Amino acid sequence: MPRFSSSTQDLFTRFSAEESALIQKAIALVENLEAIESNHPNGIDVALNLLSLNVDLETILAAILSDSRLLNYPLKTEFGSVVASLVSNIKELNSLKIYSKNISTQASQIEILRRMLLSTANDIRALLIKLAYRLARLKTLAQEEQEIRHFIAQETLDLYAPIANRLGIGQLKWALEDYAFRYLEPENYLFVAKELENKRVHRQECIDAFIQQLNKALSDSELRVEIKGRPKHIYSIWQKMQRKNLPIEDLYDLLAVRVITQQTAHCYEILGIVHQHWTSIPKEFDDYISNPKNNGYQSLHTVILDAENNRIEVQIRTKEMHDFAELGVAAHWRYKEGSKQDIATEKSIASLRQLLEEKDGDTLLASFRTELFADRVYVLTPTGQLIDLIKGATPLDFAYAIHTDVGHRCRGAKVNGSIVSLTYPLQTGEQVEILTSNEIAPNPKWIDPNLAYLKTPRAIQKVKAWLKLQGKDKHLLMGQQQLEKEVLRIGLKKDYQTKLLQHFNLSDMNRLYIALGRKVINSRQLNNALLEIEGKKEKAKVKKVTPSQTNKLEITVAGTDNILTHFARCCEPQLDDELIGYISHTNGIAIHKVDCENIRKLDDEQRKQIFAVNLKVNNA
């Protein structure tokens, strides 16, 4: 007699005869396989863990058929494309064996791994099956060696319980946490469990008595309410004991009830009745209806003392508030973890929770696919570190994500041990190794969007910055060589650098070199400045406006005189030059030559600040 036969009857309770026949067919496949070690769960164990979640037929079938011994069985022909696709997706999830002791100590790596698991689920039901498999694995973990028990339990707390929490599946979350806690800290687990068991009957009596009294107190108000106890779990109790540094007997919310009513006004009316009949603890009162939490969560929270001085937490909310807290953006995981997710995440989680709550038997849509983190890929370094990249990222993007220097030196890449092109689109779960050279030499082609070398804005910016810097270095060298050549030609021997910087109004020689290299200061301007410093300016035989002459000039700008003006040094305008004025904002109107290099470089907006200039020498 197969060891599963007695327990499998529960799998048929919600399904029609035709559907049950498919389930029985799947079970028969698993039962006919060779026996496996008892400490490894099979697909039937996994399916049984999903029953309380009200999942659909395809999910039950996929859970049963995800048994690792059915790797090459042709499922699509006998069970349909949806089931076959789900099983394939589960196998893909199972292949991501990335968690390690090293990762467990890095919160950022843990979060990337959670997102990686979420993004790998093409159908979010595959995640449910993965979580149910982990629960089945935990139930047999006592037979493993201590090191294995500890590793799997810690992985459960780090990865799988938070994912169950994010999906709003409290049943799986609490079960995963309690089992993991049991293996990680057996003494503390037994302590809390013993304390709860010792007082279980007492707690239930307190809750039942309070609910009975509250119903009686509300009976005259004609308010329609639903009152039920709120269960507490061993791991969450232990966490609160540690967080608040309190003994277990001082945790008030071990006794807790939730009151659900129809209208917001009824919540306050019920609160008034509760406070009228029981003594409350003012500091424990929270009005999240008038002042919702940042995520939109609404409810009234109060703590009262019963006749035996037991503290009981009471939560009061409308049905709409309750549904919003369970199904909307204020799902339980959001206000506990404080996470902020994008719209796609909210839609996916809300849709899944809505489907799980349906009672009509047709619960999960066949084509329900997750959009969680669909725009991301998660790849590994050779040492097992996870790197989070945007979808379509290449090995070159990966190199720059590791370190800018690695990107600059990148000359090739291996993915899963094989050489690939630098434009290869990376896939989640792949291991990437970057091949580097000693030379730092990014290729200008890398920033060409048509060639698809880079996808991430950060990497593109790093290459652009490097290329710009190299251009700057080139102009600096060119300018330095030009100045040295001119100084040698003129035979300038005295200290000229300070005067040259003053002449061109620059702060340091590097700026001067770059200006020369980029032709912002042309050779004629440089020559004139050097001759002036040498005291040989008269040899240049230029007709220049002197300070004494400027006192005799009538300067009109756009037909207006008596305006603060000065002659620009960049182009050294002369009386017989064709001139133009530019508003400098700091020193009045700067007078330039019409063909001045700086004027030619002005953009359309800056050109609005250009005005006609007329010079006339006043001989009076």
Original post:
Could we say that Pro444 is farther than 30 Å from Leu526 by Cβ, loosely packed, with under 13 Cβ neighbours inside 10 Å, touching a helix residue (DSSP H, G or I) at 6+ places or on another chain (Cβ under 7 Å) and in the same structural domain as Thr423 (by TED's automatic domain parsing) here?
Top reply: yes
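I'm checking my understanding of the structure. Among residues of region 250-282 that are under 30 Å from Asn188 (Cα atoms) and free of Cβ contacts under 8 Å to residues at least 24 places away in the same chain, which one is surrounded by the most Cβ atoms within 10 Å (Cβ to Cβ)? Before you say what the answer is, go through the steps one by one.
From region 250-282, those under 30 Å from Asn188 (Cα atoms) are 250-258, 281; that's our starting set.
If we keep only those that are free of Cβ contacts under 8 Å to residues at least 24 places away in the same chain as well, we get 250-251.
On the way: Asp250: 11, Leu251: 16.
Looking at residues that are under 30 Å from Asn188 (Cα atoms) and free of Cβ contacts under 8 Å to residues at least 24 places away in the same chain, I get Leu251.
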Would a scan of region 481-499 turn up a residue that is small (Gly, Ala, Ser) and within 24 Å of Leu530 (Cα to Cα)?
yes
Open item on the list: in a helix (DSSP H, G or I), more than 17 Å from Asn42 (Cβ to Cβ) and touching a residue at least 12 places away in the same chain (Cβ under 8 Å): is that true of Leu138 in this structure?
Closed with: no
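Which of the residues spanning region 447-469 are of a type outside the set (Phe, Trp, Tyr), part of a helix (DSSP H, G or I) and within 23 Å of Thr423 (Cβ to Cβ)? Write out each step before concluding.
At the first step, the residues of region 447-469 found to be of a type outside the set (Phe, Trp, Tyr) are 447-452, 454-465, 467-469.
Add one more test, that the residue is part of a helix (DSSP H, G or I), and what stays is 447, 457-465, 467-469.
Of everything in region 447-469, those that are of a type outside the set (Phe, Trp, Tyr), part of a helix (DSSP H, G or I) and within 23 Å of Thr423 (Cβ to Cβ) turn out to be Ile447, Pro457, Arg458, Ala459, Ile460, Gln461, Lys462, Val463, Lys464, Ala465, Leu467.
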If we keep only residues of region 490-516 that are part of a loop (DSSP other than H, G, I, E, B) and charged (D, E, K, R), then the residue nearest to His566 (Cα to Cα) is Asp508
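Does Lys472 satisfy the condition of being in a helix (DSSP H, G or I) and either free of Cβ contacts under 8 Å to residues at least 24 places away in the same chain or in contact with an Asp or Glu (Cβ under 9 Å, 6 or more places away or on another chain) (or both)?
On the way: in a helix (DSSP H, G or I): yes; either free of Cβ contacts under 8 Å to residues at least 24 places away in the same chain or in contact with an Asp or Glu (Cβ under 9 Å, 6 or more places away or on another chain) (or both): no.
Considered against the rule, which asks whether it is in a helix (DSSP H, G or I) and either free of Cβ contacts under 8 Å to residues at least 24 places away in the same chain or in contact with an Asp or Glu (Cβ under 9 Å, 6 or more places away or on another chain) (or both), Lys472 comes out as no.
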Conditions (1) modelled with pLDDT under 85; (2) in a helix (DSSP H, G or I); (3) in the same structural domain as Gln204 (by TED's automatic domain parsing) -> Leu355 fails only (3)
All-but-one check, Gly229 against (1) surrounded by 15 or more Cβ atoms within 10 Å (Cβ to Cβ); (2) in contact (Cβ under 8 Å) with a residue 40 or more places away in the chain; (3) within 18 Å of Leu305 (Cα to Cα); (4) in contact with a strand residue (DSSP E or B) (Cβ under 8 Å, 6 or more places away or on another chain), failing number (2)
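Being among the charged types (D, E, K, R) and under 25 Å from Gln143 (Cβ atoms) is the filter here; which residues of region 41-71 pass it?
Quick first cut of region 41-71, residues among the charged types (D, E, K, R) only: 45, 56, 58, 67, 69.
Those that are among the charged types (D, E, K, R) and under 25 Å from Gln143 (Cβ atoms): Asp45, Asp67, Arg69.
Only one of these is surrounded by fewer than 17 Cβ atoms within 10 Å (Cβ to Cβ), more than 24 Å from Gln427 (Cβ to Cβ) and not hydrophobic (A, V, I, L, M, F, W, C): Gln106, Gln143. Name it.
On the way: Gln106 fails: more than 24 Å from Gln427 (Cβ to Cβ).
Answer to the selection: Gln143.
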When region 214-234 is checked residue by residue, the ones that are of a type in the set (Val, Ile, Thr) and part of a helix (DSSP H, G or I) are Ile234
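Please pick out the residue among Ile207, Ile211, Ile237 that is at pLDDT 90 or above, out of contact with any Cys (no Cβ under 8 Å at 6 or more places or on another chain) and either of a type outside the set (D, E, K, R) or assigned to a helix (DSSP H, G or I) (or both).
Values: Ile207 fails: at pLDDT 90 or above; Ile237 fails: at pLDDT 90 or above.
Only one candidate qualifies: Ile211.
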Here the residues within region 381-397 that are buried (at least 18 other Cβ atoms within 10 Å of the Cβ) and under 20 Å from Ser95 (Cβ atoms) are Leu386, Ile387, Asp388, Leu389
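Name the residue that is nearest to Asn522 (Cα to Cα), counting only residues in region 491-504 that are modelled with pLDDT of 80 or more and surrounded by 16 or more Cβ atoms within 10 Å (Cβ to Cβ). Outline the logic, then answer.
Looking only at region 491-504, we keep the residues that are modelled with pLDDT of 80 or more, and these are 496-504.
Filter once more, so that each one left must be surrounded by 16 or more Cβ atoms within 10 Å (Cβ to Cβ): 496, 500, 503-504.
Working: Tyr496: 18, Leu500: 14, His503: 14, Phe504: 12 Å.
Ranking the qualifying residues of region 491-504, first place goes to Phe504.
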Note to self: of a type outside the set (Phe, Trp, Tyr) and under 36 Å from the mean Cα position of the chain (by Cα): is that true of Leu141 in this structure?
What the structure shows: yes
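The values are calculated or read from the model by the stated rules, or taken from the named source; none is laboratory data. A quick note: this is a predicted structure, and the numbers were derived from the prediction, not measured. With ideal geometry, Cβ positions are generated from the backbone for all residues, glycine too; neighbour counts draw on all protein chains shown.
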